[in-house]
Amino acid sequence: QVQLVESGGGLVQAGGSLRLSCAASGSTFSINVIGWYRQAPGNEREWVASIESAGSTNVADSVKGRFTISRDNAENTVSLQMHSLKPEDTAVYCCNARGGGHMYWGQGTQVTVSS
């Protein structure tokens, strides 16, 4: 089992920055990839970014150049640094971990960007 806990969400003005963190615990050795997803009211869940155990990263085109995903292996934490935030970035951001044939989700953290 893997437990994921997100933090760092909040209210920010357009153009501002936030840093989200996803702390993983439990059987973290089984994780192959950790990703961030988001879901705005009335919208489907959208993949935002992911980082693999080998370190390679991918970021959605909608946030490329503004969001960066990174990890701290010593702390078992994956971060999502968000710059130049836009009102359309408003959503609940969730952390996802996959590995060992399983998928895990965190509870999510709300990000609200005011115009």
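The values are calculated or read from the model by the stated rules, or taken from the named source; none is laboratory data. What you see is a predicted model, and the numbers here were worked out from it, not measured in a lab. Glycine also receives a Cβ, built like all others from the backbone with ideal geometry; neighbour counts cover every protein chain displayed. Please note that ligands, DNA and RNA were not included when accessible areas were found on the heavy atoms of the full protein model with its side chains. Shrake-Rupley method; radii C 1.70, N 1.55, O 1.52, S 1.80 Å.
Here are the numbers for this structure:
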| read-out | value |
| --- | --- |
| At most 16 other Cβ within 10 Å, DSSP loop - trypsin sites (Lys or Arg not before Pro), the stretch 1-49 | 45 |
| Residue list for the stretch 22-52, given a label point 7 angstrom along the Cα-to-Cβ vector of residue 5 and an amide N cut-off under 16 Å | 22-28 |
| Debye equation applied to the C-alpha atoms of the stretch 10-112, log10 I(q)/I(0) at 0.22 Å⁻¹ | -1.20 |
| Among 22-28, 72-78, the order from most to least packed when residues are scored by Cβ within 10 Å on average | 22-28, 72-78 |
| Largest-first ordering by accessible area, 1.4 Å probe, given options 64, 86 | 64, 86 |
| Loop GluC sites (Glu not before Pro), the stretch 27-71, which have at most 12 other Cβ atoms in a 10 Å radius of their Cβ (DSSP) | 44 |
